[in-house]
Amino acid sequence: MALRVPTIDVSVVDLTVESEGDMKGYLGYTDEALVSTDFETCPISCTFDSKAGIMLDPTFVKVVCWYDNEWGYSCRVVDLIKHMAAEDAKA
């Protein structure tokens with residue numbers, strides 16, 4: 001479920017994932033009382049809002065994550081380009 005917030009560049013997503021799955025390393029964490037504009041230009045794909053999620057079992061949690069839908073996406077594109085360049089250099 002995506003929730004719209006009253007900012008241009010930041011959104012929030014309600015996401016359910018395993019803590020040790022493919023998302024490891026791309027999720028940030030905060031236990032501070034932050035608002036959407038606090039995440040502008042945040043390079044992390046999603047920042048876990050610890051006050052908004054619940055643990056279903058030790059490796060499976062329901063989380064609410066904040067993200068800057070332009071900046072975070074751009075950071076992942078840069079990661080992809082770097083990966084592609086590294087793979088190309090091996091050839």
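Put simply, the amide H of GLY28, placed in the peptide plane, has neighbours under 5 Å in CYS46, THR47, PHE48, leaving out anything fewer than 5 places away on its chain.
Taking amide hydrogens as placed 1.01 Å from N in the peptide plane, the amide H of PHE60 sits under 5 Å from those of SER19, each at least 5 positions away in sequence or on another chain.
Label 7 Å along Cα→Cβ of ASP31; the range 37-63 residues with amide nitrogen under 16 Å? In the range 37-63, the label zone of ASP31 (backbone N under 16 Å from the point 7 Å along Cα→Cβ) covers 48-55. If the segment from LYS90 to LEU56 were pulled out straight at 0.36 nm per residue, it would be longer than the present Cα-Cα gap by 8.0 nm. Database remark: amide H of GLY53 closer than 5 angstrom to the amide H of VAL64 (H placed geometrically; neighbours at sequence offset of 5 or more, or on other chains; Pro and chain starts carry no H). Packing, as the average of other Cβ atoms within 10 Å across residues, places the peptides 44-56, 76-88 in the order 44-56, 76-88, highest first.
Only the coordinates and a few stated rules stand behind these numbers; no lab work does. A quick note: this is a predicted structure, and the numbers were derived from the prediction, not measured. FYI the Cβ positions are ideal-geometry reconstructions off the backbone, even for glycines, and counts take in every protein chain you see.
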